[in-house]
Amino acid sequence: MNVVFLSKKSLSDKKSTLFSTIFFTVPSLSVCYNSMLLGYTVRMDKKPFKPYIPAESITPEFTLTSVVTGILLAIIFGAANAYLGLRVGMTVSASIPAAVIAMGVTRVILKRNSILESNMVQTIGSAGESVAAGAIFTMPALFLWAKEGIITAPSIITITLITVSAAILGVLFMIPLRNSIIVQEHGNLPYPEAQACAEVLLSGETKGKGTKAVFSGMGIGAAVKFIADGFGFISGVVAAPINALKTEFSMEVYPAVIGVGYICGTKIASMMFAGGVLAWFVFIPMIISFGGDSVLFPASAPVSELYANGGAGAIWSSYVRYIGAGALAAAGIISLIKSLPLIVKTFSSAIKGMKNASASVSDRTTEDLSFKVVIIGTIITILAIWLLPPIPAGILSAFLVAIFGFFFSTVSSKMVGLVGSSNNPVSGMTIAALLFVSIILKATGHHGAAGYVSAITVGSIVCIIACLAGDMSQDLKTGFLLGATPKKQQIGELIGAVISAISIGGVLILLNKAWGFGSEQLAAPQATLMKIVTEGVLNGNLPWSFVFLGVFSAVVIEILGLPSLAVAIGIYLPLELGSAIMLGGILRWFIEKKNKAATSESSNGVLFCSGLIAGEGIVGILLAVFAVAGISLALPFSTGMIGAVVAAIAMVALIIKFGLPSKSDK
């Protein structure tokens with residue numbers, strides 16, 4: 001992503017155009033991890049920065065309305081992103097959609113007129129997505145081991161204590177870094193998504209554009225999900241076997257997946273689709289053709305028998321997912337290695353900034369939570385991780401959490417300033433942390449089920465810390481631009497993170513009971529990868545030939561100069577997801593050709609697709625409740641794939657409608 005600051009105007013003039021114009025050459029992918037910074041150019045502005053709301057002005061900010069609304073958004077976005085992440089292995093950034101909804105609720109519905117109040121709503125609300133991302137990328141591994149009979153399923157108390165501990169540390173670790181990263185680095189770190197979020201909130205000072213797009217998307221996404229999976233009136237997938245090639249082509253018609261492709265943009269979507277083509281049109285036909293009647297580990301039946309009974313999908317689940325896991329692991333590590341110089345630099349500069357930071361507080365815009373609160377809160381939380389029986393971690397695990405958690409919170413906070421939270425490579429950080437933790441645990445005698453659980457517990461906490469620290473860094477930057485009070489934002493972030501952490505345990509248990517992790521409905525690809533990495537280090541019982549096939553596939557992709565992580569995700573996910581994401585990417589390309597303004601991450605097309613994802617996610621949780629309760633809404637008839645095709649055409653038309661400007665916008 002090349003970010004170039006073309007102009008800068010004072011924010012103190014409410015009538016002036018908002019600060020910096022940013023051109024994005026790589027569309028944002030809201031997964032917390034997908035692409036890396038290629039380079040950026042920034043023109044330093046040496047004049048003292050003046051926020052939109054001056055420090056001497058006191059406006060409503062941390063109010064009952066903003067807190068309650070923010071908590072509701074945190075729960076909604078947390079649950080929706082948990083569902084989405086377990087389905088397709090990625091989440092979407094909640095900051096901009098939360099800002100739009102906050103603006104709509106506070107200004108349009110509640111008739112309140114404080115931009116800082118709206119900012120507090122999005123600060124609290126966006127925390128839910130970060131906690132959900134960290135939790136669903138790791139913790140379902142515990143349920144997968146329970147399904148295999150290796151351990152007992154984690155209780156809601158265990159999940160809640162782990163996620164709450166991680167949420168608290170994620171916020172506390174970021175607080176001492178605010179002055180060095182947000183203030184001292186202003187003009188050096190562009191924070192593209194924070195600026196877009198501030199732009200959305202400032203648009204509410206005039207006419208509040210974008211609210212209709214988000215809420216329309218939520219309604220349509222919810223309706224299609226209910227029609228497909230609730231009533232069963234249409235099929236969710238269009239599939240066609242290709243017997244001559246010993247494979248099949250398939251595509252989902254769910255709004256959320258198409259919306260993800262639109263938000264990703266053409267480049268990332270095409271890379272993911274390329275991975276799917278490689279898996280389903282190269283690897284699967286090769287395994288069937290050359291495997292024949294051979295029995296290849298880990299399957300217990302001949303390849304020909306697997307194909308005859310289960311089709312190409314059986315070959316994918318038995319073999320290709322291990323190739324995808326190897327590719328994902330290698331791509332994550334490669335992205336981390338490529339970022340290593342930047343990581344070392346950001347960590348050292350952040351620590352140096354903490355040492356040089358002034359302890360004085362000159363006005364409300366420089367006030368943080370007390371450093372004593374940070375230290376005492378951190379010590380208590382680390383001790384709780386060590387001593388509380390429901391948390392499966394000893395003193396060594398608690399120590400590893402403190403070391404890796406603070407390191408990656410520092411790295412994540414500053415990298416978000418360069419690439420945005422959507423492109424923050426948290427997946428690679430988590431894999432690296434999990435590898436080191438597993439090696440240390442194995443070296444200290446931790447084996448078997450106990451070693452598995454300890455490793456994933458540390459990995460889960462570190463992942464949530466990194467996701468949340470990055471999101472908080474972005475929120476504090478938005479507040480810095482608008483003139484918010486950091487202390488109040490930090491309290492709000494803590495509230496949103498803890499409430500989301502409390503609710504996410506119930507969501508995970510509910511979804512697992514409804515469909516089961518690792519199933520067709522909830523593939524949980526990232527958590528499965530973390531499970532494979534942990535098992536591979538602690539006992540080595542893996543089909544290494546397929547894993548290394550994926551590893552070197554990722555290496556070849558990198559040599560060709562392509563983003564291996566996006567391709568690896570495509571290899572790992574079912575083709576039906578990759579092709580739907582590709583459809584969304586094509587729509588983004590078409591709309592951007594017709595409307596240059598659609599390249600903005602706060603454009604109506606992006607906001608509409610964000611709404612599609614949120615709406616489908618909410619209904620997905622509702623249907624999970626029905627499934628657990630034994631309530632069936634299925635109709636006695638279905639239109640099948642014909643209905644699915646009609647639904648796909650309707651979705652394409654609606655995305656184009658919202659993506660292209662109306663006559664009133666021109």
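The values are calculated or read from the model by the stated rules, or taken from the named source; none is laboratory data. All of these numbers come straight from a predicted model, not from anything done at the bench. Using ideal geometry, Cβ is built from the backbone for each residue, glycine included, and neighbour counts are taken over all protein chains shown. Ligands, DNA and RNA are stripped out before the accessible areas are found, and what is left, the full protein with its side chains, is counted by its heavy atoms. Shrake-Rupley method; radii C 1.70, N 1.55, O 1.52, S 1.80 Å.
Here is a yes/no grid of residues against (1) open to solvent by 70 Å² or more (accessible area, probe 1.4 Å); (2) of a type in the set (D, E, K, R); (3) out of contact with any helix residue (DSSP H, G or I) (no Cβ under 9 Å at 6 or more places or on another chain); (4) assigned to a helix (DSSP H, G or I):
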residue	(1), (2), (3), (4)
ALA624	no, no, no, yes
ALA634	no, no, no, no
PHE637	yes, no, yes, no
ILE642	yes, no, yes, yes
ALA647	no, no, no, yes
ALA653	no, no, yes, yes
ILE656	no, no, no, yes
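Scanning the range 584-597 for residues that are aliphatic (A, V, I, L, M) and surrounded by 22 or more Cβ atoms within 10 Å (Cβ to Cβ) yields LEU587, ILE591. Of all residues in the range 445-496, those satisfying the criterion of being within 30 Å of THR69 (Cα to Cα) and assigned to a loop (DSSP other than H, G, I, E, B) are GLY483, ALA484, THR485. Looking only at residues of the range 285-311 that are in contact with a Leu (Cβ under 9 Å, 6 or more places away or on another chain) and in contact (Cβ under 8 Å) with a residue 24 or more places away in the chain, we find that the one that is farthest from LEU560 (Cα to Cα) is PRO298.
Screening VAL260 on (1) closer than 20 Å to PHE590 by Cβ; (2) surrounded by fewer than 18 Cβ atoms within 10 Å (Cβ to Cβ) shows it passes everything except condition (2). Here THR138 fits the description: open to solvent by less than 10 Å² (accessible area, probe 1.4 Å), among the β-branched types (Val, Ile, Thr) and modelled with pLDDT of 75 or more.
Scanning the range 285-326 for residues that are at pLDDT below 90, in a helix (DSSP H, G or I) and open to solvent by 60 Å² or more (accessible area, probe 1.4 Å) yields one hit, ARG321. Take the range 96-129 and flag every residue that is part of a loop (DSSP other than H, G, I, E, B) and among the polar types (S, T, N, Q). The answer is ASN113, SER114.
Scanning the range 598-613 for residues that are part of a helix (DSSP H, G or I) and either at pLDDT below 75 or surrounded by fewer than 24 Cβ atoms within 10 Å (Cβ to Cβ) (or both) gives ALA598, THR599.
Scan (1) outside any loop (DSSP other than H, G, I, E, B); (2) more than 19 Å from ALA135 (Cα to Cα) for the single condition LEU562 breaks and write down its number. It fails just one condition, (1). Taking the range 235-262 as the range and being hydrophobic (A, V, I, L, M, F, W, C) and in a strand (DSSP E or B) as the test, the residues that pass are VAL237, VAL238, ALA239, ALA240, ILE242, PHE249, MET251.
Can LYS488 be described as out of contact with any strand residue (DSSP E or B) (no Cβ under 6 Å at 6 or more places or on another chain), open to solvent by 10 Å² or more (accessible area, probe 1.4 Å), farther than 25 Å from ILE431 by Cβ and not aliphatic (A, V, I, L, M)? Here the answer is yes, as LYS488 does meet what is asked. Every condition in (1) of a type in the set (A, V, I, L, M); (2) modelled with pLDDT of 85 or more; (3) surrounded by fewer than 24 Cβ atoms within 10 Å (Cβ to Cβ); (4) closer than 30 Å to ILE571 by Cβ holds for ILE71 except the one numbered (4). Does ILE403 satisfy the criteria of being at pLDDT 90 or above, part of a helix (DSSP H, G or I), of a type in the set (A, V, I, L, M) and open to solvent by 20 Å² or more (accessible area, probe 1.4 Å)? Judged against the criteria, ILE403 is a match. Selection of the range 155-193 for residues being touching a Leu at 6+ places or on another chain (Cβ under 7 Å), within 29 Å of VAL88 (Cα to Cα) and buried (at least 24 other Cβ atoms within 10 Å of the Cβ) yields ILE159, ALA167, GLY170, VAL171. Criterion applied to GLY219, GLY232 was being within 30 Å of PHE658 (Cβ to Cβ), in contact (Cβ under 8 Å) with a residue 40 or more places away in the chain, open to solvent by 10 Å² or more (accessible area, probe 1.4 Å) and part of a loop (DSSP other than H, G, I, E, B), and the one residue passing it is GLY232. Exactly one residue out of VAL462, VAL453, VAL426, VAL437 is out of contact with any Cys (no Cβ under 9 Å at 6 or more places or on another chain) and under 29 Å from LEU189 (Cβ atoms): that is VAL462. Residues being part of a helix (DSSP H, G or I), modelled with pLDDT of 70 or more, open to solvent by 60 Å² or more (accessible area, probe 1.4 Å) and in contact with a Leu (Cβ under 9 Å, 6 or more places away or on another chain) are entirely absent from the range 340-360. Remark: LEU86 matches the filter, which requires a residue to be crowded, with 24+ Cβ neighbours inside 10 Å and either modelled with pLDDT of 85 or more or over 17 Å from the mean Cα position of the chain (by Cα) (or both). Of all residues in the range 263-272, those that are assigned to a helix (DSSP H, G or I), open to solvent by less than 10 Å² (accessible area, probe 1.4 Å) and small (Gly, Ala, Ser) total 1.
ALA580 fulfils the conditions (1) among the hydrophobic types (A, V, I, L, M, F, W, C); (2) touching an Asp or Glu at 6+ places or on another chain (Cβ under 8 Å); (3) not in a helix (DSSP H, G or I) except for a single criterion, (3). In this structure, LEU441 qualifies as over 18 Å from the mean Cα position of the chain (by Cα), crowded, with 23+ Cβ neighbours inside 10 Å, at pLDDT 90 or above and over 30 Å from SER57 (Cβ atoms).
Among the residues of this structure, LEU522 counts as one that is buried (at least 19 other Cβ atoms within 10 Å of the Cβ), under 23 Å from SER610 (Cβ atoms) and in contact with a Lys or Arg (Cβ under 7 Å, 6 or more places away or on another chain). Scanning the range 505-524 finds one or more residues that are within 17 Å of the chain's Cα centre (by Cα) and in a helix (DSSP H, G or I).
Looking across the range 525-543, the residues that are assigned to a loop (DSSP other than H, G, I, E, B) and either among the polar types (S, T, N, Q) or in contact with a Cys (Cβ under 9 Å, 6 or more places away or on another chain) (or both) come down to ASN539, ASN541.
Let me spell it out: the conditions are (1) assigned to a helix (DSSP H, G or I); (2) buried (at least 24 other Cβ atoms within 10 Å of the Cβ), and SER93 meets all of them except one. Which number is the exception? With respect to (1) assigned to a helix (DSSP H, G or I); (2) buried (at least 24 other Cβ atoms within 10 Å of the Cβ), SER93 is out only on (1). PHE371 meets the conditions (1) surrounded by 17 or more Cβ atoms within 10 Å (Cβ to Cβ); (2) within 23 Å of CYS467 (Cα to Cα) in every case but one. The failed one is (1).
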